[in-house]
Amino acid sequence: MKERESSPPEREYLPRHIGIIMDGNGRWARARGLPREMGHRAGAKVVGEIIRHCKKTGIPHVTIYALSTENWKRPRKEVDALLELLRRYLSDMEEYRRENARLIVLGDTAPLPPDLRESIRKAQEESAGNTAITVNIALNYGSRAEIVRGARLLAQECAEGRLLPEEITEERFSKALYTAGQPDPDLIIRPSGEQRLSNFLLWQTAYAELLFMDVLWPDFTPEHLNYALHQYARRSRRFGGV
Ligand code: FPP
């Protein structure tokens, strides 16, 4: 399948926020007779290139699914390799400065190793004022857990008398999620041929366009992203209206 375009669409047709489920690393490795960790390493190399392409194209928010709450079930060796890739990615502060990128981690960081939590804290703090692009990394993230956490935060405010149940609106609830203050994703891309959301941004994707592509994530190029953006631009978005 072609699934490639040499250039992106006009800026006025671009999404403001895209989410990417980086899938197919394991299959990419298996096809080459390599251990799964090598697939993740190849996938991690693609991340920077695709985010730079988003920035250059004019997409201000990107969310990538790096580690789900379910991924801990994988063999220890694979989980450790993923954490090591994230460690490297999150400690490259020079890159965030150079790209003027703001980094936000979505998910429960409490169970992560202390040094990784420290890298996350530092990266978020030091990049908070950067304005060219916001990069959300979903890490130990699960959408249902995020929604339950939001419900608890609001319930706590009610219990303390700072909020009335009837003041809980969709807007107020959105502010209790990790993505508070950011636009909802307009487009979700899942490479590798799988067609599901896998507990990714379930609240935020209520009206998102979904695009499933056949390419495996380590083979994903800026041309594949251009293709996805053209598909998005062609779809007519009605938000339930006519
Ligand atoms: C899914 O492929 C991918 C993951 C579970 C991890 C994605 C993580 C990275 C690309 C690297 C770390 C991220 C950053 C930001 C540096 P899979 O293993 O489920 O593939 P399969 O379905 O082919 O087995």
Over region 143-160, the set of residues in contact (Cβ under 8 Å) with a residue 12 or more places away in the chain and either crowded, with 21+ Cβ neighbours inside 10 Å or of a type in the set (A, V, I, L, M) (or both) is 143, 145, 146, 147, 151, 153, 154
Taking the stated definitions as given, is residue 59 touching a residue at least 12 places away in the same chain (Cβ under 8 Å), of a type in the set (Val, Ile, Thr) and away from the ligand (no atom under 11 Å from the Cβ)?
-> yes
Counting only residues that are more than 18 Å from residue 191 (Cα to Cα) and aliphatic (A, V, I, L, M), which one in region 1-37 is nearest to the ligand (Cβ to nearest atom)?
-> 34
Looking only at residues in region 188-218 that are among the polar types (S, T, N, Q) and within 16 Å of the ligand (Cβ to nearest atom), which one is surrounded by the fewest Cβ atoms within 10 Å (Cβ to Cβ)?
-> 195
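Only the coordinates and a few stated rules stand behind these numbers; no lab work does. The model shown is predicted, which means the values in this text are computed figures rather than measured ones. When we count neighbours, we look across all protein chains shown, and the Cβ atoms used for this are built from the backbone with ideal geometry, even at glycine.
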